[in-house]
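Here the structure is laid out as C-alpha cells; the discussion comes afterwards.
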Amino acid sequence: MPASQPLTIFITGVSSGFGRALATAALAEGHRVVGTVRRAEASAEFEALAPGRAFARVLDVTDEPAVVATVAEIEASVGAIDVLVNNAGYGLEGVFEETPLAEARRQFDTNVFGAAAVMQAVLPYMRGRRSGRILNITSMGGIATFPGLSFYHGSKFALEGISECVGKEVAHLGIRVTAVAPGGFRTDWAGRSMTRAERSIADYDAFFNPHRANRQARHGKQLGDPKKAARAMLKLIADDNPPAHLLLGSDALARVSEKIAALQAEIDAWKDVTVSTDVDPEA
C-alpha cells in the first residue's frame, strides 16, 4: 500500500502496549485509526489523540456477534478498513499441570478465537474490494518456547499457523497476511496484562520459581522499544511485498534462530527413522 495514502487502520486493543504505540504512530502519519478498548471511559481519551481521525469502539473480541456488528458499523460509518491489526491478547503463566483448563480456554478464546473472529468479520469487505492487509501480533513465543508459558505458547503457535494458512488462501484476492512476532518489549505483557496461575505442587518449586521470578524482574527492562516496533509495522504496511512472518527484536531473532538450528539438527539426527515409514516401493 502506498505510504503516502491515508489509510483506515483497525487495531484491537489500543489502551496500552503495541496497540497504543502503533495507533499513535499511525495517527502521526496522517492515517485514520479505529481502536478497540474494553472500557467506555477509555474511549474519550483515545479519540482525543487525534479528533476526527481517532475513533474508539468498546469491544470484547471474544463476543463474536459484537465483533461482526462492530466491523459492519465501522465500514458503514468510518469507512473501508484497509488494515486490520489483531493486537488484543494477554499472557498466561503457570506450570502446565497446575494451570486450570478454564484459564487455558480463556487464553485461547482471546488470543486465538478472538483474533479469528475479527479476521472473519473483516475478510468479506476486503475480499469484495480485492485489497487489504492483516497483521496478527503473535510472539517469538509462537515459534520458540520457554518453561511456564505452555498455554500462552500454544495460543501463539496456533495464531502463527492460522495466519500463514489464511495468507495463502487470500493472497490471490489482493489480501496479504503477516504474523508479527515480537520478542521482549517494554509493554505491560509481563506486568498487569499477565495472568499467573497459582502454585500448588512442590515438585516444581526449584525448577519453576526462578523462571517466574526472572520474568517479573525483567519487566520494564526488556530490549524492545514499542515505538520502534510501531514504526516497523508501519513500514510493513507500506511495503508492496510483505512477509508472511516478521520477527521484531534482536532477542526474537536470536531465540528463533536457535530454535530453527536445534530443530534442523534433530531432523537430521532422526532422518533415517523418519523416511523408514514410507511404503516399500516393491510392495
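FYI, it's all coordinate maths here, none of it is from the lab. Since we're looking at a predicted model, the values are computed, not measured. We place every Cβ from the backbone using ideal geometry, glycine too, and count neighbours over all the protein chains shown.
What the table shows:
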| item | result |
| --- | --- |
| Cβ charges +1 (Lys, Arg) and -1 (Asp, Glu), total dipole of the chain, debye | 1260 |
| Whether the chain is rounded, prolate or oblate, judged on the alpha carbon gyration tensor where a/c under 1.5 counts as rounded | oblate |
| Relative contact order of region 99-161, pairs being alpha-carbon contacts under 8 Å that are 6 or more residues apart, as % | 41 |
| Mean ellipticity per residue at 222 nm, deg cm²/dmol - from DSSP H runs of n ≥ 4 across the chain, formula -39500 (n - 2.57) | -14500 deg cm²/dmol |
| Ranked packing of 28-37, 195-204, most packed first, by mean Cβ within 10 Å | 28-37, 195-204 |
| Set of lysines with alpha-carbon distance to Lys227 below 25 Å, sequence-local pairs under 8 removed | Lys156, Lys235 |
